[in-house]
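Note sheet for the following structure.
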Amino acid sequence: MKVLPRIYYDRDTKVVARELLGKKLIRRLGDDLLESIIVEVEAYYGPNDPASRAYRGKKSYNIVMWEESGRAFVYNVHNNWLFNIVSHEPDEIGAILIRAVEPSKGIEVMMKNRLIDDVRDLTSGPGKLTKALMIDRTLNGTSLTTEESEVFIVDNLVNYEIGASHRVGVTKDLEDELRFFIKGNRFVSRR
């Protein structure tokens with residue numbers, strides 16, 4: 001397993017978002033390793049991005065977006081924790097929302113965490129995946145760049161076709177399409 005280093009995230013947020021597709025998201029829960037493949041993401045920039053959590057400036061809940069790349073940024077929307085990865089060029093601001101993952105190991109534990117038995121519905125949305133992987137505010141600011149972390153991302157060589165669209169559920173968006181997904185993957189939250 002090759003954990004993605006911090007320098008991997010020190011690039012343009014949109015570029016990193018696209019390249020995270022197909023990588024493995026690993027969540028350590030005690031002795032269990034829950035593994036999934038990232039299949040849908042959205043890129044968010046700083047104060048000039050009207051859909052970004054940074055749009056209204058630095059606040060106590062979003063301060064991690066201004067910090068070093070390669071950290072978890074976890075916040076709550078409509079009673080759901082949302083898992084983001086801080087990623088931006090030096091002296092910039094940005095984060096990538098993980099919208100959906102395809103579970104690959106520890107599926108029984110994930111299903112127990114969600115109290116469901118339909119695998120297709122297990123991680124096909126940002127709130128669903130955080131419940132399945134037990135990701136909450138306690139992981140906010142956690143480094144994702146070491147295998148000793150409770151959550152980290154590893155490289156994974158897969159072939160797939162990338163789709164793109166505007167971000168989901170935002171009232172104001174940038175011109176660029178900043179939502180990326182693996183075409184045809186059944187865990188993508190919206191097609």
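Some notes on this structure:
- Residues being closer than 13 Å to residue 105 by Cα and among the β-branched types (Val, Ile, Thr) - total across segment 10-32: 1
- Test result for residue 156, within 28 Å of residue 5 (Cα to Cα) and at pLDDT below 95: yes
- Any hit, segment 121-137, residues being β-branched (Val, Ile, Thr), under 18 Å from residue 78 (Cβ atoms), in contact with a Phe, Trp or Tyr (Cβ under 9 Å, 6 or more places away or on another chain) and part of a helix (DSSP H, G or I): yes
- Residues of segment 138-178 classified as closer than 22 Å to residue 31 by Cα and part of a loop (DSSP other than H, G, I, E, B), total: 10
- Taken over segment 69-89, the criterion of being part of a loop (DSSP other than H, G, I, E, B) and touching a strand residue (DSSP E or B) at 6+ places or on another chain (Cβ under 7 Å) is satisfied by 69, 70, 87, 88.
- Meets criteria (under 21 Å from residue 189 (Cα atoms), under 18 Å from the mean Cα position of the chain (by Cα), at pLDDT below 95 and not hydroxyl-bearing (Ser, Thr, Tyr)) for residue 119: no
- Residues that are touching a residue at least 40 places away in the same chain (Cβ under 8 Å) and more than 14 Å from residue 140 (Cβ to Cβ), drawn from segment 80-92: 80, 87, 88, 89, 90, 92
- Picking from residues in segment 98-117 that are aliphatic (A, V, I, L, M) and assigned to a helix (DSSP H, G or I), the one that is surrounded by the most Cβ atoms within 10 Å (Cβ to Cβ) is 110.
- Residue within segment 39-54 that is of a type in the set (Lys, Arg) and free of Cβ contacts under 8 Å to residues at least 60 places away in the same chain present: yes
- Breaking point among (1) buried (at least 23 other Cβ atoms within 10 Å of the Cβ); (2) among the small types (Gly, Ala, Ser); (3) part of a loop (DSSP other than H, G, I, E, B), for residue 95: (3)
- In this structure, residue 49 does satisfy being crowded, with 19+ Cβ neighbours inside 10 Å, modelled with pLDDT under 95, of a type in the set (D, E, K, R) and assigned to a loop (DSSP other than H, G, I, E, B).
- Some residue of segment 52-64 being outside any loop (DSSP other than H, G, I, E, B) and not charged (D, E, K, R): yes
- Top-ranked residue in segment 145-191 [being of a type in the set (S, T, N, Q) and within 18 Å of residue 49 (Cα to Cα); ranked as surrounded by the fewest Cβ atoms within 10 Å (Cβ to Cβ)]: 171
- Unique residue being more than 15 Å from the chain's Cα centre (by Cα), over 20 Å from residue 180 (Cβ atoms) and surrounded by 14 or more Cβ atoms within 10 Å (Cβ to Cβ) when the list is 56, 28, 11: 28
The values are calculated or read from the model by the stated rules, or taken from the named source; none is laboratory data. Because the structure is a prediction, the values reported are computed rather than measured. Cβ coordinates were reconstructed from backbone atoms using ideal geometry, including for glycine residues, and neighbour counts include every protein chain displayed.
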